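Please read the structure below before turning to the comments.
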Amino acid sequence: MKGYDGKKWWMEFLISVLGTSIGVGLTFAVTKMVDVSNQSKAQRLTAMMVIDDMEKNLEVINHIRDEEQKSYEATQYVMQHIDRIDSIAIDTLVTVFNYIVEGSYMNPDLEFSEAGERVFQTTQEAWNNLNDVTFIRNVEEFYKSRAMFSNAIQTFYFWQKPVRKAESDSLLTSTDMLDSPHNYASFLKDKLQQRRTERYMAFYANRMLFYGGMSRQWTDWCEANKFLMNISDKQMKRFREKTSGRDHPAKRSDIVGSWVYTIDNNQSVEFHFRKDRTLTCIQIFPINHIIFSGSALLQASVEGTWDIRGDSVVLDYDPSTCTLHVDENGIAYRDEMRDSVQSLLRMYECESQLQQFRQNISGDNAHHVNATNLDITGTKLELAAKKGETIHLERMK
């Protein structure tokens with residue numbers, strides 16, 4: 001009878017436990033992509049899929065940190081100018097509102113995807129390709145850390161917002177707090193001067209230290225796993241491009257025309273690319289209010305230039321060309337409300353709003369380089385930024 005190999009049994013047990021207890025973003029079955037007889041290729045492909053999922057999670061935590069910094073700075077600005085809060089741009093006030101009010105806004109870019117956990121059972125054999133204990137241990141520690149991070153930002157007092165969800169729900173359903181920009185500003189003026197808001201702002205440094213520490217640790221695990229499997233950053237980039245289908249870069253002739261990025265039924269961004277390489281970008285936002293029915297549309301327009309360089313489209317905006325226009329065709333109101341409606345709508349076109357718009361697309365935000373991917377019909381265009389954000393445009397008819 002063969003002797004009992006405890007070390008081998010423990011390795012098989014460890015791989016089995018990891019394969020059933022942690023979720024890894026494996027988006028397709030390894031067994032369908034590689035020749036199972038080629039163990040080395042299977043191991044490498046599995047490792048790259050795992051590392052790719054880890055790096056996508058790393059992008060999320062870095063995005064969370066960046067959004068926290070921008071929101072904190074906006075809130076600091078409003079607190080420092082509290083006496084003239086009524087003159088501050090409404091989008092800045094919205095940023096502050098979302099920062100201090102629990103449950104007011106959910107950004108899908110700030111959420112970790114756990115889809116891999118739901119499909120992992122179909123890719124169980126993939127873990128048999130990984131025979132490096134250090135690699136597996138790094139993956140296990142990474143997903144434990146992610147679970148701890150998610151729990152911390154939901155429960156730890158550093159992240160407890162000044163206006164809790166029960167209070168905000170009550171205010172939104174029983175008062176006219178958001179019926180006008182003035183009420184909005186009055187609400188924030190009250191909340192920003194309370195002790196609990198000061199405490200939340202004071203914990204900003206603790207939150208940023210936490211994000212930074214997590215980001216460094218996750219980066220270390222990603223880099224260590226690439227080192228263990230002898231995988232370069234260039235190889236990971238090619239892997240992402242291949243698995244995302246980004247293999248049909250657009251030519252100049254493909255880009256010319258009008259495209260739309262639809263955010264939802266009422267919000268969109270139009271891109272009008274002309275043959276002379278000039279560009280018009282129009283962001284369209286709905287305006288809804290209790291004093292009229294239907295929706296007005298705020299059209300924020302900016303001119304610029306575009307070009308194709310390699311596989312990317314380069315966009316350069318000119319902030320001095322920014323314009324704001326409210327389209328009133330979609331609303332109706334009683335005659336006696338005309339002055340109130342017009343006063344409200346003109347606020348969206350006022351100089352302070354225009355200055356804020358120009359500021360938002362100035363500096364680094366005036367220059368964009370996006371990798372392109374055109375679908376086979378030529379009617380759908382994917383634009384991917386360096387940070388991993390991707391949007392999909394459709395050719396306008």
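For segment 350-364, check the following and say yes or no: at least one residue is surrounded by fewer than 16 Cβ atoms within 10 Å (Cβ to Cβ), more than 22 Å from the chain's Cα centre (by Cα) and over 30 Å from residue 182 (Cα atoms).
Checked segment 350-364: no residue is surrounded by fewer than 16 Cβ atoms within 10 Å (Cβ to Cβ), more than 22 Å from the chain's Cα centre (by Cα) and over 30 Å from residue 182 (Cα atoms).
Output the residues belonging to segment 187-202 that are exposed (fewer than 15 other Cβ atoms within 10 Å of the Cβ), closer than 30 Å to residue 347 by Cα and touching a residue at least 12 places away in the same chain (Cβ under 8 Å).
193, 194, listed by residue number.
Any idea which of (1) over 23 Å from residue 260 (Cα atoms); (2) touching a strand residue (DSSP E or B) at 6+ places or on another chain (Cβ under 8 Å); (3) aliphatic (A, V, I, L, M) is the one residue 361 doesn't satisfy?
Single failed check for residue 361: (1).
Could you pull out the residue among 52, 35, 66 that is within 30 Å of residue 238 (Cβ to Cβ), acidic (Asp, Glu) and modelled with pLDDT of 90 or more? Show your work before the answer.
On the way: 52 fails: modelled with pLDDT of 90 or more; 35 fails: modelled with pLDDT of 90 or more.
That would be 66, the only listed residue that is within 30 Å of residue 238 (Cβ to Cβ), acidic (Asp, Glu) and modelled with pLDDT of 90 or more.
Do we have any residue at all in segment 325-334 that's among the β-branched types (Val, Ile, Thr), assigned by TED's automatic domain parsing to the domain that holds residue 351 and surrounded by 14 or more Cβ atoms within 10 Å (Cβ to Cβ)? Give the derivation first.
In the first step, residues of segment 325-334 are kept if they are among the β-branched types (Val, Ile, Thr); the result is 326, 331.
Subsequent filtering for residues that are assigned by TED's automatic domain parsing to the domain that holds residue 351 retains 326, 331.
Checking the rest, the ones that are also surrounded by 14 or more Cβ atoms within 10 Å (Cβ to Cβ) come to 326, 331.
Among the residues of segment 325-334, at least one is among the β-branched types (Val, Ile, Thr), assigned by TED's automatic domain parsing to the domain that holds residue 351 and surrounded by 14 or more Cβ atoms within 10 Å (Cβ to Cβ), which makes the answer yes.
Mind listing whichever residues of segment 279-298 are assigned to a strand (DSSP E or B) and in contact with a helix residue (DSSP H, G or I) (Cβ under 8 Å, 6 or more places away or on another chain)? I'd like the intermediate steps shown before the answer.
Within segment 279-298, the subset assigned to a strand (DSSP E or B) is 279-287, 293-294, 296-298.
Matches in segment 279-298: 287, 296.
Please return the ranges of helices (runs of 4 or more DSSP H) entirely within segment 203-273 where 1 or more residues are surrounded by fewer than 16 Cβ atoms within 10 Å (Cβ to Cβ) and within 21 Å of the chain's Cα centre (by Cα).
Working: elements: 204-228, 233-243, 252-255.
It comes to 204-228, 233-243.
Which residue, of 192, 110, 188, is assigned by TED's automatic domain parsing to the domain that holds residue 75, of a type in the set (A, V, I, L, M) and modelled with pLDDT under 70? Outline the logic, then answer.
On the way: 192 fails: modelled with pLDDT under 70; 188 fails: modelled with pLDDT under 70.
Exactly one residue qualifies, and that residue is 110.
Pull out all pairs, ordered by first then second residue, where Cβ-Cβ is under 7 Å, the residues are six or more apart or on different chains, the first lies in segment 56-84 and is among the aromatic types (Phe, Trp, Tyr), and the second is crowded, with 16+ Cβ neighbours inside 10 Å.
Within 7 Å, the pairs are 72/204.
The values are calculated or read from the model by the stated rules, or taken from the named source; none is laboratory data. Quantities reported herein were computed from a predicted structural model and do not represent experimental measurements. Backbone-built Cβ (ideal geometry, glycine too); neighbour counts: all protein chains shown.
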